[in-house]
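Asks: So that we are looking at the same thing, I have put the structure below in structure tokens.
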Amino acid sequence: MSAPTKPKVYVADDDADVLGSLRFLLEADGFDVRTFRSGTALLNASDHASPDCFVLDYKMPELNGVELAERLRKQGATAPVVLITGHYDDRLAARAAAVGIQDFLLKPLLDDNLVKRIRKAIANEHSATAQRAS
């Protein structure tokens, strides 16, 4: 019997320290994690449509997290997106919702909250996919 596959999470953040911390946190909780220092790097990954969840920082050079999510959707990525940001406001929430981002987390309060949100997003996506298939 083969071991169950770990859920794949792709994380994009321009801060190397944040990426390292998120990788450690998520891998310790059983996720297969791939990190990207920019939205462009994630878009250029050959398999960017295959993760179970994206964790995107809002404030990055070149593309912010909402713009990145929009580009990913246009390229066929369907995985849920958790947006992390240091500054939340209603305009950002509206822009994010317009591209299918349903969940936000404020930095620096990530830890267990992030793990719970990712697991919930993946479970919701699997449930929605099963409902569409039936």
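The values are calculated or read from the model by the stated rules, or taken from the named source; none is laboratory data. The shown structure was predicted, so the numbers you read here are calculated from the model rather than taken from an experiment. Every residue, glycine as well, gets a Cβ built from its backbone with ideal geometry; the counts of neighbours run over all protein chains shown. Heads up: the accessible areas ignore ligands, DNA and RNA and are worked out on the full protein's heavy atoms, side chains in. Shrake-Rupley method; radii C 1.70, N 1.55, O 1.52, S 1.80 Å.
Asks: Compute a Gaussian network model of the chain, connecting alpha carbons closer than 10 Å, and tell me which residue from Ala96, Ala69, Ala123 fluctuates the most.
Replies: Ala123
Asks: Ok, one more. Taking the alpha-carbon centroid of each part, what is the distance from region 51-107 to region 25-49 in angstrom?
Replies: 14
Asks: Where the only charges are on Cβ atoms (+1 Lys, Arg; -1 Asp, Glu), what is the dipole of region 33-118 about its Cα centre, to the nearest 20 debye? Could you put the intermediate results ahead of the total?
Replies: Values: 11 positive and 11 negative charges, 26 e Å.
Magnitude of the dipole: close to 120 debye.
Asks: Given a 10 angstrom Cα cut-off, can you work out which residue in Gly86, Gly39, Gly100 is the most mobile in a GNM of the chain?
Replies: Gly86
Asks: Hey, what did the chain get for relative contact order, percent, Cα under 8 Å, at least 6 apart?
Replies: Numbers: 198 pairs, mean separation 27.6, N = 134.
After rounding, I find 21 percent.
Asks: Where is the GNM fluctuation largest for the chain (alpha-carbon springs, 10 angstrom cutoff): Asp89, Asp29, Asp17?
Replies: Asp89
Asks: Ok, one more. Just the number, please: carbon plus sulfur as a percent of the accessible area of region 87-128, 1.4 Å probe, no ligands or DNA/RNA counted.
Replies: 52
Asks: Using the heavy atoms of the protein chains alone and a 1.4 angstrom probe, what is the accessible area of region 1-111 per residue in square angstrom?
Replies: Using a 1.4 Å probe on heavy atoms only, each residue of region 1-111 averages 54 Å².
Asks: Of all accessible surface on region 1-44 at a 1.4 Å probe, what whole percent is carbon and sulfur?
Replies: Numbers: 1300 of 2500 Å².
Carbon with sulfur: 52 percent of the solvent-accessible area.
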